[in-house]
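Worksheet: one structure, shown below.
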Amino acid sequence: HRTAALIVAAGSGTRAGGGVPKQFAAVAGRPLVAHAFAALAGHVDELVVVIGPGQSALARSALGADVRLVEGGPTRRGSVANGLAALSADVERVLVHDAARPFLSPAVIARVLAALDDHDGATPVLAVADTLVRGDALLGEAVPRAGLYRVQTPQGFRVNVLRAAHAGWPADEEATDDAQMVRRLGGRVALVQGDAMLDKITYPDDFAAAEARVAWESR
Ligand code: C5P
């Protein structure tokens, strides 16, 4: 199977604070997007990085001059669609990965790809460990957590199924992620075991937490 990966890195990254968009900020000595890139590079036949307008100099300095860059859209969904449009015609499978999840292991990639043998898509998930409650300012009812998962990336798809999901999606509707889009259009998406190391870096404190985790892992 010819396999491609799209790294979506076109977000503004504003919630993370700092001078550069978070996907280009460093963790464990190199930019977030460079970790994701290195993790995927040996596992796919083509690799495309989707960036925001005006970010190509940042991207080339993080990833090298030869990287394939595509300009994203105002939403993550739009960014994925632009990346899909740039893939070669003979690609059969695609992994869509958030640049904001730098620590991607070969084991997760292997689980996602293996599930595509008998599913339209696959996503890594983690079971929810904490108690979940509804609430406002005051504690509300507990939500049973059996059967609830946190969804991560890379999400893998048969490329024609993901293309159809994007083509059929209502333009005025937000999409949480690609797996949900494929599911809504009737696709079967497998859940595979995710990894705590894949947690998304979103807020300023997440950088320090990620550094601590890397230090712990490499102790
Ligand atoms: O904003 P959030 O953390 O949910 O974004 C998830 C991923 O999608 C990030 O890697 C971000 O760069 C990317 N993204 C994008 N285009 C957008 C918004 C987000 O590629 N318009």
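If you take the residues of the stretch 15-33 that are within 10 Å of the ligand (Cβ to nearest atom) and among the charged types (D, E, K, R), which of them is surrounded by the fewest Cβ atoms within 10 Å (Cβ to Cβ)? Result: Arg15.
Just one of (1) within 8 Å of the ligand (Cβ to nearest atom); (2) touching a Ser or Thr at 6+ places or on another chain (Cβ under 8 Å); (3) not β-branched (Val, Ile, Thr) fails for Ser12. It is (2). Taking every residue in the stretch 7-31 that is farther than 21 Å from Asn82 by Cβ and basic (Lys, Arg) and pairing it with any residue that is assigned to a loop (DSSP other than H, G, I, E, B) and near the ligand (Cβ under 8 Å from one of its atoms), at least 6 positions away or on another chain, the pairs with Cβ-Cβ distances below 8 Å are Arg15/Thr202.
Within the stretch 123-142, the presence of at least one residue that is under 13 Å from the mean Cα position of the chain (by Cα) and within 19 Å of Leu6 (Cβ to Cβ) is confirmed. Scanning the stretch 74-127 for residues that are farther than 22 Å from Asp206 by Cβ, modelled with pLDDT of 95 or more and in a loop (DSSP other than H, G, I, E, B) yields Ala86, Leu87, Ser88, Ala89, Asp90, Val91, Glu92, Leu116, Asp117, Asp118, His119, Asp120.
On inspection, Arg150 passes the criterion of being under 19 Å from the mean Cα position of the chain (by Cα), within 21 Å of Ser105 (Cα to Cα) and either acidic (Asp, Glu) or surrounded by fewer than 19 Cβ atoms within 10 Å (Cβ to Cβ) (or both). Taking the stretch 145-175 as the range and being in a loop (DSSP other than H, G, I, E, B) and in contact with a strand residue (DSSP E or B) (Cβ under 8 Å, 6 or more places away or on another chain) as the test, the residues that pass are Arg145, Leu148, Gln152, Thr153, Pro154. Among the residues making up the stretch 169-219, those that are among the β-branched types (Val, Ile, Thr), away from the ligand (no atom under 16 Å from the Cβ) and out of contact with any His (no Cβ under 8 Å at 6 or more places or on another chain) are Val182, Val192, Val214.
Taking the criterion of being in contact with a Pro (Cβ under 6 Å, 6 or more places away or on another chain) and over 18 Å from Val159 (Cβ atoms), the only residue of the stretch 77-120 that qualifies is Val108.
When the stretch 39-56 is examined, which residues are found to be within 15 Å of the ligand (Cβ to nearest atom), assigned to a helix (DSSP H, G or I) and touching a strand residue (DSSP E or B) at 6+ places or on another chain (Cβ under 7 Å)? Correct list: Leu40, Ser56. The single residue among Ala36, Ala59 that is under 25 Å from Tyr203 (Cα atoms), within 10 Å of the ligand (Cβ to nearest atom), in contact with a strand residue (DSSP E or B) (Cβ under 6 Å, 6 or more places away or on another chain) and assigned to a helix (DSSP H, G or I) turns out to be Ala36. Number of residues in the stretch 191-213 that are of a type in the set (Gly, Ala, Ser) and in contact with a Leu (Cβ under 8 Å, 6 or more places away or on another chain) equals 2.
Scanning the stretch 97-106 for residues being more than 9 Å from the ligand (Cβ to nearest atom) and under 20 Å from Ser12 (Cα atoms) gives a total of 1. Screening the stretch 76-92 for residues that are within 9 Å of the ligand (Cβ to nearest atom) and in contact with a Leu (Cβ under 8 Å, 6 or more places away or on another chain) and picking the one that is farthest from Ala167 (Cα to Cα) gives Gly83.
The values are calculated or read from the model by the stated rules, or taken from the named source; none is laboratory data. Treat the numbers as computed from the prediction; the structure is a model and nothing was measured. A quick note on method: Cβ atoms are made from the backbone with ideal geometry, for glycine too, and the neighbour counts reach across all protein chains shown.
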